[in-house]
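The values are calculated or read from the model by the stated rules, or taken from the named source; none is laboratory data. Here the structure is a predicted model, which means the values were calculated and not measured. So basically every Cβ, Gly included, is an ideal-geometry build from the backbone, and we count neighbours across all protein chains shown.
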Amino acid sequence: MQLPVRTFTAMIQQMAATLQGTAVQLLDLTVGSVLRALLEACASVALWMQWLVLQVLSMTRAATSVGPDLDSWMADFSFARLQAIGAAGVVTFSRYNAGITTTIPVGTIVRVTLGTQTFTVDADPTNPAWNGTVGYTLLSGVGSINVPVVATQPGSAGNVQSGAIGILSSPIPGVDVVTNSAPTSGGLDPETDLAFCTRFRLYINSRSQATEFAVLSAIANIQQGLRYAVLENQTMGGLAQIGNFCAIVDDGTGSPPLALLSAAQSAVNAVRPIGSTFSVNGPVVTIAAVNVVLQTTNSMTFTSVAAAVQQNILLWIASLPVAGILAVSRIEAIAHATDSSVISVTSALINNEPADLIAPDNGVIIAGSVTVN
């Protein structure tokens, strides 16, 4: 319903017209008169009440609700907003004197040089330096060690540039320097209102159906940052098989953990058509080595501009869907859009070829390296 909203001036005019129409003589409604002041006071209260009505109307519809109001609206359907995800990466602990053996405990906190973002050393039993208990061993005679870290606070703020991490929150005997040679990635803010509503429409429209949309909705509800697709009536290898479908799921790494694939398996099984067979698989990975050569108007700022271009290209590649296309023209457009000082992209190569790279129907493209010169 479209409410007949009035402006402050329109309210004054309507009140004045009504009042004058019922009066037997001409009224003084000039600015500053007592009667004009009374009308303006009444209009102010009416304007405030109109705003309250609009607020109530906006909170009663998902399409116009925002923030906590949208969360409470969706809660009636047991539908929750996807939470933020913490960024992850690898840092290098190094030292000037490698004469002693030391341990870097899990939970050690490091932070960026400029800012307050902190990261915590995470456990990784597959790391060769893992000591099997509570940390990583930096042996005597070894100058540095690489260990995984995760952002203390989830969100996109944890996606920091290479070299941004440089401070130990507490000293570790035998360790002098900490840094990250590659950017941290994977950090996502809580699901936006727009994405929340879009996912809800997919969810509600597929509740009574065992369709492709129902399968996609089930996967989308697991967590943020997933890219996924469904291949129908075929095997993962591309062979025809009636009644079978394959769900391709990736968390942006190209190698989704078994826990994620297991969660997707359970979610898809709950909505799949009866009598069908299916499998949930990680993607086939196509590695892309991107090399870009720029010209800028200011050689003094070239290093920072190149780093920003590199980061934006990495973010775009990470956002490509299953069966996505890594286009040379898009790389050039990103470079130009990053900074106004970029006047020319003299070369843009993907795997040493000036041609687009296309992922297979069951695959994704992962950035092996992005070099900007």
Would you pick out the residues in region 117-134 that are of a type outside the set (A, V, I, L, M, F, W, C) and either closer than 15 Å to Thr184 by Cα or modelled with pLDDT of 95 or more (or both)? Gln117, Thr118, Thr120, Asp122
Could you figure out which of (1) under 30 Å from Arg61 (Cα atoms); (2) more than 20 Å from the chain's Cα centre (by Cα); (3) among the small types (Gly, Ala, Ser) isn't true of Gly155? (2)
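Looking only at region 285-298, decide whether some residue is over 15 Å from Asp356 (Cα atoms) and within 23 Å of the chain's Cα centre (by Cα). Please lay out each step first, then the result.
Start the filter on region 285-298 by keeping residues that are over 15 Å from Asp356 (Cα atoms), which leaves 285, 293-298.
When the remaining residues are screened for being within 23 Å of the chain's Cα centre (by Cα), the result is 285.
Yes: one or more hits.
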Ile204 being touching a residue at least 60 places away in the same chain (Cβ under 8 Å), more than 17 Å from the chain's Cα centre (by Cα) and surrounded by fewer than 16 Cβ atoms within 10 Å (Cβ to Cβ): yes
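Quick one: would you say Gly243 is assigned by TED's automatic domain parsing to the domain that holds Leu260 and in contact (Cβ under 8 Å) with a residue 40 or more places away in the chain? Show your work before the answer.
Values: assigned by TED's automatic domain parsing to the domain that holds Leu260: yes; in contact (Cβ under 8 Å) with a residue 40 or more places away in the chain: no.
Spelling it out, it is not the case that Gly243 is assigned by TED's automatic domain parsing to the domain that holds Leu260 and in contact (Cβ under 8 Å) with a residue 40 or more places away in the chain.
Could you check how many residues of region 262-276 are farther than 15 Å from Ser217 by Cα and either modelled with pLDDT of 95 or more or surrounded by 13 or more Cβ atoms within 10 Å (Cβ to Cβ) (or both)?
Summing the residues that are farther than 15 Å from Ser217 by Cα and either modelled with pLDDT of 95 or more or surrounded by 13 or more Cβ atoms within 10 Å (Cβ to Cβ) (or both) in region 262-276 gives 2.
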Unique residue being of a type outside the set (D, E, K, R) and assigned to a loop (DSSP other than H, G, I, E, B) when the list is Thr303, Thr253: Thr253
Filter region 306-365 for residues that are more than 30 Å from Val230 (Cβ to Cβ) and among the charged types (D, E, K, R); which is farthest from the chain's Cα centre (by Cα)? Glu353
Taking first residues from region 322-350 that are among the polar types (S, T, N, Q) and second residues anywhere that are part of a loop (DSSP other than H, G, I, E, B), the pairs with Cβ under 6 Å that are 6 or more apart or on different chains are Ser341/Thr297; Ser341/Asn298
Within region 64-108, which residues are outside any helix (DSSP H, G or I), touching a residue at least 12 places away in the same chain (Cβ under 8 Å) and among the aliphatic types (A, V, I, L, M)? Val66, Leu82, Ala84, Ile85, Ala87, Ala88, Val90, Val91, Ala98, Ile100, Ile104, Val106
Considering only residues that are under 21 Å from Leu315 (Cβ atoms) and of a type in the set (D, E, K, R), look in region 207-253 and name the one that is surrounded by the most Cβ atoms within 10 Å (Cβ to Cβ). Asp250
Hey, among the residues in region 322-373 that are within 20 Å of Ala308 (Cβ to Cβ) and among the acidic types (Asp, Glu), which one's surrounded by the fewest Cβ atoms within 10 Å (Cβ to Cβ)? Glu332
From Asp356, Asp361, Asp339, which residue is under 21 Å from Ala220 (Cα atoms), among the acidic types (Asp, Glu) and modelled with pLDDT of 90 or more? Asp361
